[in-house]
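Written out below as structure tokens is the structure these notes cover.
The values are calculated or read from the model by the stated rules, or taken from the named source; none is laboratory data. The structure displayed is predicted, hence computed values, not measured ones. Positions of Cβ are backbone-derived with ideal geometry, glycine not excepted, and every protein chain shown enters the neighbour counts. These accessible areas exclude ligands, DNA and RNA; they are computed on the full protein's heavy atoms, side chains included. Shrake-Rupley method; radii C 1.70, N 1.55, O 1.52, S 1.80 Å.
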Amino acid sequence: MHLLSRSVSNTSLRAHSFWLSFALIPSISASSSSSFSSKCRAEPISVPSQPPPVPKRVPFTLSLHGHSWQDPYHWMRNTNDPDFLNYLNQENSYAQAFMADTGSLQRTLVAEMKNRMPSKVSTPVECFGPWLYYEYIPEGKEYPVLCRRLQTNKPGWAEKILSYVKAEFRREEILLDWNEVAEKHGYVHVGQCRISPDHNFLAYTLDATGSEQFMLQIKDLRNGCIIPMEPVNGVVSLAWAQDCKTLLYTIADENQRPYRVLCTKLEPGNTDDTLVFMENDPSYCVDLTSTKDGKFITVYVVDATEPLNGLQRVHERVSGVQYFLEHHFGFFYILTNAPMKENIKCSHEGLYLARCRVGDIQSTTWQNIFYPGEDTCIQDMDIFNGHLVLFLNKDGFPMICSIDLPINVDCKHQMLIEDLNPWFFPIPSNSCSIEPGSNLDFMSSVYRVVLSSPVIPDVIVDYDMARRTFSIVQQEEVLGAPSNARSCSSGYELDTLQQHGIEKDAKDKNVELERWKDFSSTYCCERKEVISHDGIRVPLTILYSPKAWKSSQSPGILHGYGAYGEVLDKSWRVDRLSLLDRGWVIAFADVRGGGGDDPSWHKTGNGLLKQNSIHDFVSCGKYLIDEGYVQRDQLSAIGVSAGCLLIGAALNMYPNLFHAAILKVPFLDILNSLLDPSLPLTMLDYEEFGNPGIKSEFECISSYCPYKNIRPRGCHPSVLVTASFNDSRVGVWEAAKWVAKVRDSACSSCSPSAILTTNMSGGHFGEGGRYIQCEELAYDYAFLVKAMGVDMN
């Protein structure tokens with residue numbers, strides 16, 4: 001797992017809050033030949049009368065491993081250069097002129113998107129201690145507000161009287177209003193929120209510039225005031241000690257690597273924070289979290305009752321070996337991929353579950369509780385007073401189950417998960433994503449998740465692990481939804497279990513029928529397996545409207561990411577309806593390098609094997625055309641951050657496969673960036689992409705680097721590239737250099753249709769507001785419509 005990466009989180013309420021994970025904001029080799037038409041397709045596109053900007057060229061030569069190459073736009077790395085600032089402003093003006101004739105379409109799309117959104121949205125309350133926590137987005141506002149109110153447990157008329165008498169004490173308390181911060185600073189990004197165990201303090205990290213230099217803030221919830229303290233910037237993670245007045249936090253270095261753990265005390269006169277731990281190896285990050293019961297803080301292992309009384313190491317560090325700890329009544333439950341005992345056989349190198357007593361954490365005699373089956377992979381866990389929750393992947397599909405605690409195991413025999421009497425949570429058969437809620441209360445027996453798919457608006461479900469029943473709490477409202485959207489009952493979803501060879505629990509058969517809206521009768525969602533260049537089957541999810549789609553005549557979008565082991569987001573997004581209803585096809589390629597059935601899917605698409613992910617993506621694009629889903633010469637691609645490596649390389653290898661592309665905060669100049677260890681994330685990215693200081697890895701990176709391999713004097717797809725000036729993960733110059741070089745290399749008909757827009761005040765994660773996002777998506781869609789000459793009537 002990567003603490004930091006060049007990824008972009010889903011633009012939903014999940015991106016703003018680490019409290020209530022419910023989507024209130026709708027979320028969004030160069031010598032290879034191609035068998036597709038080589039006809040220049042830029043001719044019909046209307047372009048501004050003025051030519052695109054031409055930046056200055058400054059000779060600059062780089063040499064390594066006996067190779068030399070020119071980079072005339074290397075000077076753009078100096079973002080303080082007035083020429084660079086002027087160039088970005090010129091590009092913004094050119095993009096505005098290029099898109100001027102799409103204004104009416106953009107307004108239409110924005111209106112459609114907003115009309116599908118309710119004016120006010122909120123999350124269900126979540127019980128945590130004596131309080132009910134929840135969030136809502138006020139009508140007409142962009143961002144959420146975190147609130148709470150005291151709960152009462154007395155039923156009947158007594159509760160009503162008590163509620164009236166103590167109304168003042170049960171009033172709504174606003175803990176944090178994102179809108180106030182945005183109005184003050186023009187930008188808001190809240191990283192982490194942590195309530196103290198006694199619920200008197202809120203610690204959170206705030207970025208008000210887009211630079212991700214998060215500032216620590218601590219609010220006294222008893223009086224609503226921010227506690228005065230010396231400014232602390234570069235904070236990444238937080239954890240409270242049990243005394244409720246001691247907070248541990250991590251600080252990042254100049255390369256955005258969290259490397260120090262410090263401790264601050266909420267005491268009068270405290271000005272110096274105490275250093276608890278420092279990681280000196282630049283190839284490692286430090287993360288900080290608390291066990292669910294709050295008794296331990298894991299950075300090594302810290303007793304939360306005495307956080308300054310030393311750290312205890314879990315095991316000696318071994319490259320690639322991971323340990324994830326939770327605590328339950330004197331036992332540590334550990335997810336690890338550490339090598340197993342010689343007499344134990346396991347089908348893959350994924351995570352398995354072990355445990356030990358707290359005092360035996362450094363012992364070699366951990367109890368191995370169970371190993372996943374041959375077709376199953378453990379991905380995460382959560383723990384409660386009476387239950388252990390496991391996130392699994394079985395045959396490529398996500399699953400969740402709970403196991404009653406405590407666990408009585410015979411460590412002499414190898415056990416499978418079925419031996420522990422698990423309850424597999426009933427989920428929809430076509431669910432593509434399962435996101436956990438906050439689930440903050442260790443004593444709870446209810447586990448909350450958000451289920452979503454391309455055809456199921458986000459559904460919040462509570463699973464009662466004690467009774468083994470579930471209930472639908474809330475579903476995202478879609479105004480003006482198709483009238484034939486059907487409601488699906490529990491009978492439909494329970495069939496999911498038998499599809500994977502799992503018997504239904506007897507209690508499941510008697511569960512109350514629950515219903516939610518499913519748009520599968522209006523929009524078709526298909527999962528295909530595409531054969532890649534080496535015979536590997538690549539999952540491809542295809543979404544379209546059977547009513548509007550026309551075989552071999554419809555335009556399409558192919559999404560891809562393929563890095564850091566991250567699963568491509570395929571959850572519901574209401575903005576897609578504007579395209580689907582007009583006959584567009586939207587597809588998602590789960591290429592190697594991203595998340596998959598087990599860790600091998602990531603490993604076979606990174607480092608020296610990175611080209612596998614590029615070939616996978618190209619194979620999926622060809623499949624869409626060959627099988628008639630998308631019209632030949634009407635396929636586009638969208639990538640974000642590190643996903644743009646995929647798109648950029650594919651455009652170089654097969655320029656005639658894609659008609660247009662959108663690259664957002666793109667990582668495109670990977671070779672030059674990884675040669676500069678002073679840049680944020682560079683040394684951490686050696687593990688993901690390789691170290692060009694090593695000749696074999698240099699040659700691999702050089703072979704697919706999008707910036708280095710732009711084809712000279714050829715046709716090029718139309719491209720919209722978006723960047724942010726304060727982006728600390730991917731330098732703004734990468735987008736600017738790539739666009740300038742594309743224009744240099746493309747034919748005269750194609751070069752004017754490469755446009756660059758730069759947010760001069762934002763960061764890697766953009767603005768992210770509820771209505772702002774509608775405008776950004778409408779701009780993106782309007783570009784694709786124009787670039788591909790699609791009739792949107």
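Figures for the structure shown
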{"read-out": "Local electrostatic count at residue 678 - Lys and Arg +1, Asp and Glu -1, tallied over other residues with Cβ under 14 Å", "value": "-2"}
{"read-out": "Hull-based mean projected area of the chain, where the convex hull spans the alpha carbons, in square nanometres", "value": "34.5 nm²"}
{"read-out": "Karplus-derived HN-Hα couplings along the stretch 461-466 (A = 6.51, B = -1.76, C = 1.60, θ = phi - 60°), whole Hz, x at Gly and Pro", "value": "10, 9, 9, 7, 6, 6"}
{"read-out": "Listed residues 128, 51, 654: farthest to the positive end of the dipole of the chain (Cβ charges)", "value": "51"}
{"read-out": "Estimated dipole of the chain in Debye, rounded to 20 [Cβ of Lys and Arg +1, of Asp and Glu -1, Cα centre]", "value": "1420 debye"}
{"read-out": "Accessible solvent surface per residue of the chain, calculated while the other protein chains remain in place, 1.4 angstrom probe, Å²", "value": "40 Å²"}
{"read-out": "Ranked by how many other beta carbons lie within 10 Å on average, peptides 292-302, 113-123 from highest", "value": "292-302, 113-123"}
{"read-out": "Förster radius 51 Å - calculated FRET efficiency between residue 127 and residue 529 (Cβ-Cβ, nearest 0.05)", "value": "0.75"}
{"read-out": "Calculated from backbone phi, Karplus (6.51, -1.76, 1.60) coupling profile of the stretch 702-711 in Hz, x at Gly/Pro", "value": "5, 6, 10, 3, x, 5, 6, 10, 4, 6"}
{"read-out": "Members of 664/737; 56/708; 394/517 lying beyond 21 Å, as alpha-carbon distances in this model show", "value": "394/517"}
{"read-out": "Other-chain or far-sequence residues with amide H under 5 Å of residue 121's (modelled H)", "value": "137"}
{"read-out": "Computed [θ] at 222 nm, helices only, for the chain once each DSSP H run of length n ≥ 4 contributes -39500 (n - 2.57)", "value": "-6000 deg cm²/dmol"}
{"read-out": "Those aspartates and glutamates that a straight Cα-Cα span of less than 18 Å connects to residue 265, excepting residues fewer than 8 apart in one chain", "value": "198, 220, 230, 243, 273, 303, 306"}
{"read-out": "Table column - 3J(HN,Hα) (Hz), the stretch 391-407, Karplus curve with 6.51, -1.76, 1.60, x for Gly and Pro", "value": "9, 10, 10, 10, 6, x, 10, x, 9, 9, 9, 10, 10, 5, 10, x, 9"}
